[in-house]
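Colleague: I'd like to ask you about the structure that follows.
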Amino acid sequence: MSINFESRYAIGPKEYKTLDTQGLRDNFLIEKVFETDKINFVYTHYDRYMAGGAMPVNTKIKLDTIPELLKEPYFLSRRELGIINVGGNGQVEVDGVTYDLNTKEALYIGQGAQEVYFESKDAANPAKFYLNSTPAHHSYPTKKVTKEDANKIELGSLETANHRTINQMLLNKVVQTCQLQMGMTELKPGSVWNTMPSHTHDRRMEVYFYFELPEGQAVSHFMGPIDETRHLWMHNDQAVISPPWSIHSGAGTSNYTFIWGMAGENLDYDDMDKCAITELK
């Protein structure tokens with residue numbers, strides 16, 4: 001089987017306070033998202049969210065089920081899947097229909113799709129399919145979403161080092177989903193802060209994936225309750241799990257791009273419990 005997976009149980013803010021740096025990394029950081037000719041997944045018990053990546057180089061990869069984890073005949077029996085390609089051009093085959101998926105293009109696959117394959121068009125510049133999956137209660141059509149299709153929001157400024165474009169890609173304004181939402185935020189040169197001012201949303205969890213970070217640079221990702229924040233140093237092509245009780249903000253030593261994915265109680269993107277920068281501790 002070409003799928004590697006890891007299961008992580010959810011913890012609350014009280015246990016979080018007892019963790020040292022390695023404990024934080026073990027629980028929340030996803031260090032290896034991509035591996036040649038493999039699919040890697042982390043299954044988190046926060047809303048049973050799955051985050052990972054597929055990087056086909058020498059062969060086409062099939063999205064097999066994980067029998068001991070999902071207990072289902074195929075991966076999307078009771079799940080939906082969001083994909084954003086962060087590598088070279090590739091294609092995704094869904095039940096015999098092939099979708100070209102170039103860099104920074106997204107694909108939504110609804111519950112019930114039985115056979116999904118990933119393939120790169122050039123082994124020297126392989127596709128890197130970033131994957132998010134959540135439980136689903138209804139089957140919605142497979143749909144490709146380009147950056148041009150995305151709902152775009154400009155936020156921040158260079159003066160506060162957070163000028164960015166939010167590309168809402170797999171959002172109910174663009175595509176029907178059960179609970180999965182995904183998008184991509186691109187920071188302008190000279191800007192380093194994301195999601196600032198910060199917020200939590202107790203009704204949803206989230207996963208951030210950082211990429212396009214120049215070699216030798218890093219992102220410090222901040223998490224935790226607003227009155228007891230901690231940080232994790234992260235590198236290119238790494239992801240981090242954000243529990244519902246935690247803020248999720250980052251500052252890089254350079255500008256970068258990140259993908260946010262979330263799921264939970266509702267599909268209201270603006271359902272946020274905001275906090276002022278001066279309230280953070």
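Colleague: If you go through segment 196-210 one residue at a time, do you hit one that is in contact with a His (Cβ under 7 Å, 6 or more places away or on another chain) and either closer than 29 Å to LYS60 by Cβ or touching a residue at least 12 places away in the same chain (Cβ under 8 Å) (or both)?
Modeller: yes
Colleague: Of everything in segment 206-228, what is open to solvent by less than 10 Å² (accessible area, probe 1.4 Å), under 23 Å from LYS104 (Cα atoms) and aliphatic (A, V, I, L, M)? Give them in sequence order.
Modeller: Correct list: VAL207, VAL219.
Colleague: Quick one: which residue in THR165, THR200, THR177 is hydroxyl-bearing (Ser, Thr, Tyr), under 17 Å from the mean Cα position of the chain (by Cα) and modelled with pLDDT under 95?
Modeller: From the options THR165, THR200, THR177, the qualifying one is THR200.
Colleague: OK, next. Inside segment 176-199, can you point out the residues that are within 18 Å of ALA106 (Cβ to Cβ), assigned to a strand (DSSP E or B) and open to solvent by 20 Å² or more (accessible area, probe 1.4 Å)?
Modeller: Within segment 176-199, GLU186 is the sole residue that qualifies.
Colleague: Take LYS173 and decide whether it is surrounded by fewer than 19 Cβ atoms within 10 Å (Cβ to Cβ) and outside any loop (DSSP other than H, G, I, E, B).
Modeller: No: the conditions fail for LYS173.
Colleague: Pick from ARG48, ARG8, ARG78: which is open to solvent by less than 30 Å² (accessible area, probe 1.4 Å) and among the basic types (Lys, Arg)?
Modeller: So the residue among ARG48, ARG8, ARG78 that is open to solvent by less than 30 Å² (accessible area, probe 1.4 Å) and among the basic types (Lys, Arg) is ARG8.
Colleague: Listed residues GLU68, GLU119, GLU115; which is surrounded by fewer than 16 Cβ atoms within 10 Å (Cβ to Cβ) and modelled with pLDDT of 95 or more?
Modeller: Criteria check complete, one pass: GLU115.
The values are calculated or read from the model by the stated rules, or taken from the named source; none is laboratory data. Note that the coordinates shown come from a computational prediction; the quantities given were computed from them, not determined experimentally. Backbone-built Cβ (ideal geometry, glycine too); neighbour counts: all protein chains shown. The protein model used for the area step is the full one, side chains on, heavy atoms only, and it has no ligands, DNA or RNA in it. Shrake-Rupley method; radii C 1.70, N 1.55, O 1.52, S 1.80 Å.
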